[in-house]
Amino acid sequence: MRERIRAQRGVRATVPAVTGTALVLGASGQVGTAVVAALANDGWQVSAGARRAAVWPDGVRGVQVDRDDDESLAAAVGGGFDVLVDCVAYTEAHGRQLAGLADRLGTAVVLSSFSVYADARGHSLDEATGPDDFPVLPLPVPEDQATVPAGPSTYSTSKVALENVLLDSALPVTVLRPGAIAGPGSVFPREWWFVKRALDSRPVQVLSHDGQSRFHTTSTANLAELIRLAAHRPGRRVLNAADPRAVTVREIASTINGLLDHHPEEILIPGRDTTGIGDTPWSVPYPYVMDMTAAERLLGYRPVTDYLAALPALVEWITETTRRVDWRDAFPVFLRACGEKAFDYAPEDAWLAART
């Protein structure tokens with residue numbers, strides 16, 4: 001199995017469809033859904049691993065699996081797969097699970113996060129609460145930029161621990177570091193920040209940092225394409241995973257407002273107000289922009305979309321979802337991260353009144 005996969009290393013990015021087996025863990029999630037479709041369309045025999053039974057595209061085999069349970073995962077892997085894609089690996093223990101299955105896998109593609117990067121002071125997004133705490137990273141950030149230490153204390157340190165275990169194992173693995181993932185099926189659609197304001201007919205749009213914050217997005221279609229290419233070219237590598245351009249918060253707001261025929265008065269704040277008025281889920285004092293040249297060089301990667309072009313379908317999905325389901329139930333991670341105060345407009349109205 002591994003020999004068959006390795007024989008594909010010399011292929012170009014525009015490879016023909018192959019007959020190979022793929023297991024996708026977290027297949028029912030935002031990223032997993034896009035990956036299952038991309039691999040199936042590329043000719044892979046896909047097994048979609050998820051906790052609960054679901055309806056899958058024709059030709060895709062559903063596999064119920066508890067990612068955190070060793071026996072359940074081993075049973076799902078069974079006799080082995082040419083490629084395993086793990087969309088829901090977060091810890092060192094998850095890395096050890098995969099490393100222990102190396103003899104049954106040709107290669108693996110595992111998602112990490114852009115949040116692992118740290119600046120020269122050791123600052124990262126983990127402790128960023130004020131402008132002085134935010135990391136000041138190179139523009140753009142290459143894969144050899146320093147990371148936070150490995151350990152169990154935070155999301156980012158756990159991701160580094162996961163990466164280290166996998167890269168030290170016998171398993172050929174591509175670790176991908178996406179930014180702000182965007183696409184239908186999300187439980188944390190950052191875009192809801194602006195969509196709800198448009199649906200609520202908010203007359204103003206307040207943006208900190210003059211609306212110029214850039215936190216690199218990763219459209220699920222582009223992430224799935226990177227995974228598809230990595231499946232064809234096994235190796236041991238870490239690659240950034242992002243859209244072709246890091247758009248500004250102001251561009252995101254303007255595009256979403258245009259799609260929903262909403263035309264608020266725009267108020268730009270230089271820097272950041274101490275109250276947090278004008279902050280959004282993308283607001284950062286320094287740009288977070290990933291260097292994508294390594295993926296282009298090693299995988300022949302070319303983006304299949306860009307963030308703004310993918311927004312219409314995403315905004316449509318968000319609006320349709322919130323027509324059927326209360327947003328607090330539909331987007332639980334958004335609720336946990338931003339709270340209901342995200343749409344409590346009284347403080348903003350008071351701030352606006354104080355300016356006049």
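The values are calculated or read from the model by the stated rules, or taken from the named source; none is laboratory data. What you are looking at is a predicted structure, and each value in this text was computed from that prediction instead of being measured. Glycine also receives a Cβ, built like all others from the backbone with ideal geometry; neighbour counts cover every protein chain displayed. Note: areas computed on protein heavy atoms with side chains; ligands, DNA, RNA excluded. Shrake-Rupley method; radii C 1.70, N 1.55, O 1.52, S 1.80 Å.
Residues in segment 76-109 that are closer than 15 Å to W44 by Cβ and buried (at least 18 other Cβ atoms within 10 Å of the Cβ): F81, D82, V83, L84, V85, L105, G106, T107, A108, V109.
When segment 115-148 is filtered for residues that are buried (at least 16 other Cβ atoms within 10 Å of the Cβ) and in a loop (DSSP other than H, G, I, E, B), the ones remaining, listed by number, are A118, D119, H123, S124, A128, F134, P135, L137, P140, E143, Q145, V148.
Any chance you could count how many residues in segment 229-283 are basic (K, R), in contact with a strand residue (DSSP E or B) (Cβ under 7 Å, 6 or more places away or on another chain) and within 22 Å of W192 (Cα to Cα)?
Final tally of qualifying residues: 1.
Candidates are the residues of segment 188-203 that are under 15 Å from E251 (Cβ atoms) and open to solvent by 30 Å² or more (accessible area, probe 1.4 Å); the one that is nearest to the chain's Cα centre (by Cα) is R190. Among the residues of segment 56-75 satisfying the criterion of being β-branched (V, I, T) and in contact (Cβ under 8 Å) with a residue 40 or more places away in the chain, which is surrounded by the most Cβ atoms within 10 Å (Cβ to Cβ)? Here the residue is V65. The set of residues in segment 169-187 being among the hydroxyl-bearing types (S, T, Y) and buried (at least 23 other Cβ atoms within 10 Å of the Cβ) consists of T174, S186. The condition of being among the β-branched types (V, I, T), closer than 21 Å to L125 by Cα and in contact (Cβ under 8 Å) with a residue 60 or more places away in the chain holds for only one of V247, V173, V204, V195, that being V247. Of everything in segment 230-248 that's in a helix (DSSP H, G or I) and more than 17 Å from the chain's Cα centre (by Cα), which residue is surrounded by the most Cβ atoms within 10 Å (Cβ to Cβ)? So, considering only residues that are in a helix (DSSP H, G or I) and more than 17 Å from the chain's Cα centre (by Cα), the one surrounded by the most Cβ atoms within 10 Å (Cβ to Cβ) is A231. Scanning segment 267-277 for residues that are open to solvent by less than 30 Å² (accessible area, probe 1.4 Å) and in a loop (DSSP other than H, G, I, E, B) yields I269, G276, I277. Taken together, the residues in segment 293-316 that are more than 24 Å from K196 (Cα to Cα), open to solvent by 20 Å² or more (accessible area, probe 1.4 Å) and among the aliphatic types (A, V, I, L, M) amount to 2. Scanning segment 61-79 for residues that are over 25 Å from the mean Cα position of the chain (by Cα) and not in a helix (DSSP H, G or I) returns G78, G79.
Looking across segment 36-55, the residues that are open to solvent by 20 Å² or more (accessible area, probe 1.4 Å) and assigned to a loop (DSSP other than H, G, I, E, B) come down to G43, R51, R52, A53, A54, V55. Each residue in segment 22-35 was checked for being part of a helix (DSSP H, G or I) and of a type in the set (G, A, S), and 2 pass. Got a sec? Which of D82, D58 is in contact with a helix residue (DSSP H, G or I) (Cβ under 9 Å, 6 or more places away or on another chain) and assigned to a loop (DSSP other than H, G, I, E, B)? Among D82, D58, only D58 is in contact with a helix residue (DSSP H, G or I) (Cβ under 9 Å, 6 or more places away or on another chain) and assigned to a loop (DSSP other than H, G, I, E, B).
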